[in-house]
Amino acid sequence: MEPSPELDHALALVRRWHDQRPGRRRMLDRDEIRSVRVLGPVQVRLRTLHEDRFYDFEEGPAPEDDSPVEAEPEDPWGVTLDDVELSAMVQDAEEQRTRWPELPAIVRPCSHCEGEGTVRCHTCGGDGIVDIAGCGECGGGGKVPCRDCRGTARRKVRVRIRRRFRFDEATRIHEDESDEVGPHVLLHLVDHPTPGEVFHEQDAPRIQRYAGKGSGTSYREAATPMAATIEKLLKDAQPEQGEHIAHQWLSVTRIPVYALELSRGRTAYVYGDPPKVSPPGLLRPSWLVLVPLLAAMALLAGAAFTFFWLVARAKGQ
């Protein structure tokens, strides 16, 4: 094949791949390559920051004034809170983060005495009598002031909101029909992020739709199919029950894949950093191909020897 920048770059990647394990990988020669094409599958990655909220109430001492009883807040999403530090969240996306913003305290009925201010006397068990005499603890009434609220029937309550954040990440590969690269390559690009050329980035508290225009005229025109792929990904990124989406990040990356057409209709795909070659066994050294055959021949020879030895032994007896 005639020299070209694409071929030189592809062979350089194959060389790096070969040098990782030179004893178990075969290097390609230029004469083996009939043509080279540069494909551009697009990796779409959506990262979503989910937030879950619920109240945490912690009872404290009795109020020092005559503050009235207040109803407990019910909807944590109706409270305006400070924005989270998204930069810190993004830097440590694998760790589940929790925040505990504190709200003004409220007053509510004492949970120990159920808002009565008194509890059953432990000395007389609430009967008011001890040894046929009036109970000296409760004065015969069977009730004593609640120690938790000091008889006020009310307690101050510390109010906090637990904000739990978690990341969710989804990846899709978009490719034109003429640029299909096969399952091995797609599996790698989806499960193992590969450096490439980011040509679209988008982030918002909630991304409603794709704001790009396809992969660009310098690559290929695929605006409509790509938008459909991305919008389905956005639709599938639904929060779990009780959660809200706090923020989303969308990136679209073109990842170069070199398709090397070899003899006998075979195609080798070279991509990634560190480079990979797919299918994995296409460029195995010849001696590795012979190992299973030699092992099978040795097994057959051993079986034949054992058979004839047993036959000869039987005749000798």
### Query
Does any residue of segment 73-96 turn out to be part of a strand (DSSP E or B) and surrounded by 13 or more Cβ atoms within 10 Å (Cβ to Cβ)?
no
### Query
Can you find a residue in segment 272-279 that is under 30 Å from Trp17 (Cβ atoms), part of a strand (DSSP E or B), of a type in the set (Lys, Arg) and at pLDDT 85 or above?
yes
### Query
Is there a residue being in contact with a Phe, Trp or Tyr (Cβ under 9 Å, 6 or more places away or on another chain) and not in a strand (DSSP E or B) anywhere in segment 55-66?
no
### Message
For the structure I just gave you, tell me whether Ala71 is touching a Cys at 6+ places or on another chain (Cβ under 7 Å) and under 30 Å from Pro104 (Cα atoms).
### Response
no
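Residues checked against (1) closer than 26 Å to Val190 by Cβ; (2) assigned by TED's automatic domain parsing to the domain that holds Thr229; (3) at pLDDT below 90:
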position	(1), (2), (3)
Ala12	yes, yes, no
Gly23	no, yes, yes
Met27	no, yes, yes
Arg37	yes, yes, yes
Gly40	yes, yes, yes
### Task
Please indicate, with yes or no, whether at least one residue in segment 175-194 is surrounded by fewer than 17 Cβ atoms within 10 Å (Cβ to Cβ), in contact with an Asp or Glu (Cβ under 7 Å, 6 or more places away or on another chain) and at pLDDT below 90.
no
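The values are calculated or read from the model by the stated rules, or taken from the named source; none is laboratory data. Quantities reported herein were computed from a predicted structural model and do not represent experimental measurements. Glycine also receives a Cβ, built like all others from the backbone with ideal geometry; neighbour counts cover every protein chain displayed.
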